[in-house]
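Here the structure comes first, spelled out in structure tokens, and everything after it is commentary.
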Amino acid sequence: MRTARTLRIVALLLLCGGPLFAAEIVVWHAYRAEEKAALEKVAAAFNASPAAKGNKVTTLAVPYDAFADKISAAVPRGKGPDIFIYAQDRLGGWIEAGNTVEPIDFFLDKETRARYIPTTLEAMTYRGTTYGLPLNFKVITMIYNKKLVTTPPKTSTELVATAKKLTNKAAGKFGLAYSFADFYYHAALLNGFGGRVFDPGVKPVLNNPQNVQSLEYMLKWFKKDQIMPAEPSTALITSLFNGGKAAIVFSGPWFLGEIAKGVDYALAPLPTIVEAGGKPMRPWITVEGVYVAAPSKNKDAAYEFAKYLTDVAAGKVLALEGRQTPANKTVYSDPKVSGDPVLAAFRKQVEVAVPMPNVPEMTMVWSPATTAMNTITKGAATPKAAMDAAQKEVEQRIAELRKK
Amino acid sequence: MKSAPSHRLRFGIGLALALALGIGLDVLLLAGARAADARVRAERQAIVTLNALTDVVVGAGISGDPVRTAVAAWSKSHPSLAAIRVIAFDGISLEASTDPKDSGDRAAPRRLSREEKDAYDRGQRLRASVETNRQEGAARKEEIEVAAADGGALDLAAPLEKDGEVAGMLEIRTATPPPPAPIPVSTALLYFFAPLAVYAAAALLLGERRAPLAVAASLLLALVLFLFARQTLRILDADRVETDRQVAARVGQETGLAGGLVAPGAAAVDPAKWDTDVFRHPRPGAAATPPGGAERRGRNVFFGVAIGAFALLAFFGLGLAARLGATLSRHRVAYLYIVPAMLAMIVLVFFPFLYGVAISFTQQTIYNTGQPLSHLWVGLQNYGHILGDFAVAKRAPDGSLAFNYLNFYWTLLFTIVWTVSNVTIGVTVGLLLALILNTAGLKLRPIYRVLLILPWAMPNYITALIWKGMFHRQFGVINQVIQIFGGQPISWFDKPFTSFLTALSTNGWLSFPFMMVISLGALQSIPGEIYEAARVEGASRWQQFRAITLPSLKPSLIPAIIISVVWTFNMFNIIFLVTGGEPGGSTEILITQAYKFAFERYRYGYAAAYSVIIFLILLAYGTVQNRVTRATEGL
């Protein structure tokens, strides 16, 4: 009698205690709505699959505004998650701060490396070491109103011609509307002309001749061809496009959610630049990566989940239900994914795109670059003068930071 | 009935406590310094061995059998090295190891196992550090990693270079070092009891006279502390000389051994490059090191301890301790009530504030948050940079003045102008509206009051963004209205002055309700009979206002103005959200400038100094204003 009762108690304890021996992997992300639902579906699928090996994944949605600062504050002190998902722009800063992101070169084998779009993996690499697995990418492309534009322009000359026909400044109608004063959007032209922000060794080269050339070209669209509105804020561009007053917009997947229901839109690759010798416009890729936290106690289990999350099965769910564009090449061989016009368009655009620098010095570039863009678009300075000033400012900031 | 205070007893207690503090701290500092010196000695010798072995392994080709032979030979001639491991990045393999755990089927060469990921990551870190230092041309990252292992041994790791690239890593573990020198307890006790005995004798001789007792106690304390400090510094100097001697001996020893192991065709070893710091820069030789630096630091430390000891002596000897004790015991209950609130304030207010002040004396940036503050100490350098930079304006080639917007004084001037204009507008408009609302018999007064308080009730974040939108050049309401009246649309954020006006109007709109409410409350408390009497006397409205209204408003308005000045001085939201400092940083106030230094330029020490200066400015202002107007007299 006593033995049976003891056995029952022990069995009960084991049942409850079983999950205690398995690891719990905590994942932080900043997704909402469909992306969040898709991620949770993938996590549930992982927990049920044999790859989990008894470990359990729990996801936690953290508001986007506070996300990066929370990671900087919590993770190095061991109070953060095992995995967090974020873009690559803060990666350099976190690596330099230390004890935040775990390098995963040791786990990463050649075949896993080969399944990602190469530029997305580059975005996860800092000084030769890989720190995360690329989950999805965001890149700007051409979004146009099908009622106003029947065939999307393929070259810059076609673009100017089409846009001029559709521009009527007095009526507030513009052929092309994009945040041309925002350095992030201008990077498409900048990289297209062969310019760049940093030279290897993280030396800023903001005022190099190709950068200046790209700015002069943007001014041509603005001042000479007059196909773009002044002071283009995102709110303005959205309202113009939704009101049928902007025919072509250069923007990314975040714009699609803002488009009103009545607007019939389509996507196409950014045009090539005839004046640069037919080279394509190369926008910056923002890659969201899955990082393993350095103080995590379950690094192997966490890496297994990261690998699963960036694999084909999860990629399909995230693409079709979460409306993300996965960084895993093999996802696009699925007919449902390649048949979706939006996903296919971004996949095509990323072929010519360049990863945005992930070095911590990049944060010091935004403010001087924005000032330069503002002075240039308002005509207060020539592109060369403005970029010279920005270059000096960035050099000074980096020197202050590196001074020992 | 209290008895007369016993000066002998007070100075006796004071002297005893001061000696305990002084000698105690000095002994601890001596032990700490000797332990640190011992660590440095062990580390320098280990680095010499590490660098010598690095040369040998690089000469043997980093991977393959020659490396294993070289490592085995080195291990035999260095029984004190507990383990030597060579890792090659190509193939993530362990090339050679003398660690007893790496034997049998775990013997080198083999691929690193999962538990050894840390070693591989360390190697990659070293590779990245070498590359960073090479590209930046500076020594910012450590190229040799030293970590403490169990029992006081050291784990060292150095990069192995082949063909100009870092291709592997060498790790060594030294043996447990000899135990540290014991704390000189008996000497300390002697230094403690001897002066007390002398003081006791002096006390008996001198009686209850305060001044001679004070002199005697101070002299004894000074003498003892001086003697102890001198002896301590002598011991530490001897330690340093011994360290240099031992390191030189080690270099000589390794030269002989390494020379024998290097293959004839490989590059010769270079002993001059072995005594390095963690950035692999050669340390200056013993003769080149000026002894002054360490000695001066030691003297400063002892001075600090002496000051503390003297303060303690004064505190007890002059009766202040007795008085404090009496106060605490008399108002026991009151102090107990305050304790919980004090604890909360200490944790939430005082500690973060003091930590910020501490950071302001360092050069902490995003790159060195991991290091303890004492390593980054620069004293008043940040303050010097901020307050000593007088380059406010330059003459541009075409003769006009170009202001340096990053300059502290320009920003201060702008902030003062911003504050004064805002508070003026707020007070004027608020007072005016309050006077209007206060007219007797006004219909619908409650509705007006609610409407006029709305600007204050809405979150100012939202208000700022709405106003920013209203000033948009093409689609903003303000420019549309200007165009309706036939004017030219203004690009508000293009020039510093118009940009300032946008922020001014936003903040003016936000700040008048506060002043209005304060003034309304104060106005309603003025009895109407006074105005009656004044009207009967024949005073005009303006005279009534100046003689009756304003003075009655003073006790409420002055604190409100002080608060408003402090708030407006630090009005981060409006400046950041409406102008963002445009154009080109010309409309930054001190607090937004500090924010940008901290979170865009990542210079935490500099930004902390900036905020401390802002605090001091406002503190000075508040104190002066308070004293001048004696407004809080009633409180």
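Listing for the model above:
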quantity: Top-ranked residue of the stretch A:107-134 - restricted to ones that are buried (at least 21 other Cβ atoms within 10 Å of the Cβ) and part of a loop (DSSP other than H, G, I, E, B), ranked as farthest from the other protein chains (Cβ to nearest Cβ); calculated: A:Ile117
quantity: Residue count for the stretch A:191-227, restricted to those that are of a type outside the set (Val, Ile, Thr) and farther than 14 Å from A:Leu176 by Cβ; calculated: 22
quantity: Per-region count, the stretch A:141-181, residues in a loop (DSSP other than H, G, I, E, B) and not β-branched (Val, Ile, Thr); calculated: 12
quantity: Condition broken by A:Phe174, with the remaining ones in (1) more than 14 Å from chain B (Cβ to nearest Cβ); (2) more than 23 Å from the chain's Cα centre (by Cα); (3) crowded, with 21+ Cβ neighbours inside 10 Å; (4) not charged (D, E, K, R) satisfied; calculated: (1)
quantity: Qualifying residue in the stretch B:113-123 (condition: under 15 Å from B:Ile172 (Cα atoms), touching a Lys or Arg at 6+ places or on another chain (Cβ under 8 Å), within 14 Å of chain A (Cβ to nearest Cβ) and not in a strand (DSSP E or B)); calculated: yes
quantity: Test set (1) within 14 Å of chain B (Cβ to nearest Cβ); (2) surrounded by fewer than 21 Cβ atoms within 10 Å (Cβ to Cβ); (3) in a helix (DSSP H, G or I) - A:Ala381 fails condition number; calculated: (3)
quantity: Members of the stretch A:202-252 that are within 23 Å of A:Trp366 (Cβ to Cβ), of a type in the set (S, T, N, Q) and either assigned to a helix (DSSP H, G or I) or at pLDDT below 90 (or both); calculated: A:Gln210, A:Asn211, A:Gln213, A:Ser214, A:Ser233, A:Thr234, A:Thr238
quantity: Some residue of the stretch A:93-103 being in contact (Cβ under 8 Å) with a residue 12 or more places away in the chain, within 29 Å of A:Thr119 (Cα to Cα), within 14 Å of another protein chain (Cβ to nearest Cβ) and among the acidic types (Asp, Glu); calculated: yes
quantity: Residue within the stretch A:335-343 that is surrounded by fewer than 24 Cβ atoms within 10 Å (Cβ to Cβ), over 24 Å from A:Tyr265 (Cβ atoms), more than 14 Å from chain B (Cβ to nearest Cβ) and at pLDDT 90 or above present; calculated: no
quantity: Pair list, Cβ under 7 Å, 6 or more apart: the stretch A:306-329 residue among the small types (Gly, Ala, Ser), other residue surrounded by fewer than 18 Cβ atoms within 10 Å (Cβ to Cβ); calculated: A:Gly322/A:Glu34
quantity: Residue match in the stretch B:431-452 (condition: over 30 Å from B:Glu142 (Cα atoms) and within 37 Å of the chain's Cα centre (by Cα)); calculated: no
quantity: So B:Leu126, is it assigned to a helix (DSSP H, G or I), in contact with a Pro (Cβ under 9 Å, 6 or more places away or on another chain) and crowded, with 22+ Cβ neighbours inside 10 Å; calculated: yes
quantity: Unique match (being in a loop (DSSP other than H, G, I, E, B) and of a type in the set (A, V, I, L, M)) among B:Ala522, B:Ala503, B:Ala533, B:Ala539; calculated: B:Ala539
quantity: Count of residues meeting criterion [in a helix (DSSP H, G or I), of a type in the set (A, V, I, L, M) and out of contact with any Ser or Thr (no Cβ under 8 Å at 6 or more places or on another chain)] in the stretch B:565-590; calculated: 2
quantity: Residue that is surrounded by the most Cβ atoms within 10 Å (Cβ to Cβ) [pool: residues in the stretch B:458-470 that are without any contact (Cβ under 8 Å) to a residue 60 or more places away in the chain and not hydroxyl-bearing (Ser, Thr, Tyr)]; calculated: B:Met470
quantity: Matching residues in the stretch A:104-140 - criterion: being touching a residue at least 24 places away in the same chain (Cβ under 8 Å), more than 29 Å from B:Tyr367 (Cα to Cα) and hydrophobic (A, V, I, L, M, F, W, C); calculated: A:Ile117, A:Val139, A:Ile140
quantity: Those residues of the stretch A:351-365 which are within 9 Å of chain B (Cβ to nearest Cβ) and either aliphatic (A, V, I, L, M) or within 16 Å of the chain's Cα centre (by Cα) (or both), in sequence order; calculated: A:Thr363, A:Met364
quantity: Cβ-Cβ under 7 Å pairs, at least 6 apart or on other chains, the stretch A:61-72 side within 16 Å of A:Arg32 (Cβ to Cβ), far side assigned to a strand (DSSP E or B); calculated: A:Ala61/A:His29; A:Val62/A:Trp28; A:Phe67/A:Tyr86
quantity: Tally, over the stretch B:80-112, of residues that are under 18 Å from B:Leu50 (Cβ atoms) and free of Cβ contacts under 8 Å to residues at least 12 places away in the same chain; calculated: 0
quantity: Flag for B:Ala608 being in contact with a Gly (Cβ under 6 Å, 6 or more places away or on another chain), within 17 Å of B:Ile386 (Cα to Cα), in contact (Cβ under 8 Å) with a residue 12 or more places away in the chain and among the small types (Gly, Ala, Ser); calculated: yes
quantity: Lone qualifier among A:Val312, A:Val331, A:Val354 - being at pLDDT 90 or above, out of contact with any Phe, Trp or Tyr (no Cβ under 7 Å at 6 or more places or on another chain) and closer than 30 Å to A:Lys279 by Cα; calculated: A:Val331
quantity: Meets criteria (closer than 30 Å to A:Glu400 by Cβ and touching a His at 6+ places or on another chain (Cβ under 9 Å)) for B:Ala620; calculated: no
quantity: Enumeration of residues in the stretch A:36-67 that are modelled with pLDDT of 90 or more, assigned to a helix (DSSP H, G or I) and aliphatic (A, V, I, L, M); calculated: A:Ala37, A:Ala38, A:Leu39, A:Val42, A:Ala43, A:Ala44, A:Ala45, A:Ala48
quantity: The listed residue being in contact (Cβ under 8 Å) with a residue 40 or more places away in the chain, farther than 24 Å from B:Ile92 by Cβ and out of contact with any Cys (no Cβ under 6 Å at 6 or more places or on another chain), out of B:Ala60, B:Ala52, B:Ala36; calculated: B:Ala52
quantity: Subset tally (residues that are surrounded by 20 or more Cβ atoms within 10 Å (Cβ to Cβ) and either part of a helix (DSSP H, G or I) or out of contact with any Pro (no Cβ under 6 Å at 6 or more places or on another chain) (or both)) for the stretch A:346-355; calculated: 6
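Per-residue answers, yes or no, for (1) farther than 21 Å from A:Glu393 by Cβ; (2) without any contact (Cβ under 8 Å) to a residue 40 or more places away in the chain:
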{"site": "A:Asn207", "(1), (2)": "no, no"}
{"site": "A:Val212", "(1), (2)": "no, no"}
{"site": "A:Leu215", "(1), (2)": "no, no"}
{"site": "A:Lys224", "(1), (2)": "yes, yes"}
{"site": "A:Met228", "(1), (2)": "yes, no"}
{"site": "A:Pro232", "(1), (2)": "yes, no"}
{"site": "A:Ile237", "(1), (2)": "yes, no"}
{"site": "A:Phe241", "(1), (2)": "yes, no"}
{"site": "A:Ala246", "(1), (2)": "yes, no"}
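The values are calculated or read from the model by the stated rules, or taken from the named source; none is laboratory data. Not measured: the values here are computed from a predicted model. Using ideal geometry, Cβ is built from the backbone for each residue, glycine included, and neighbour counts are taken over all protein chains shown.
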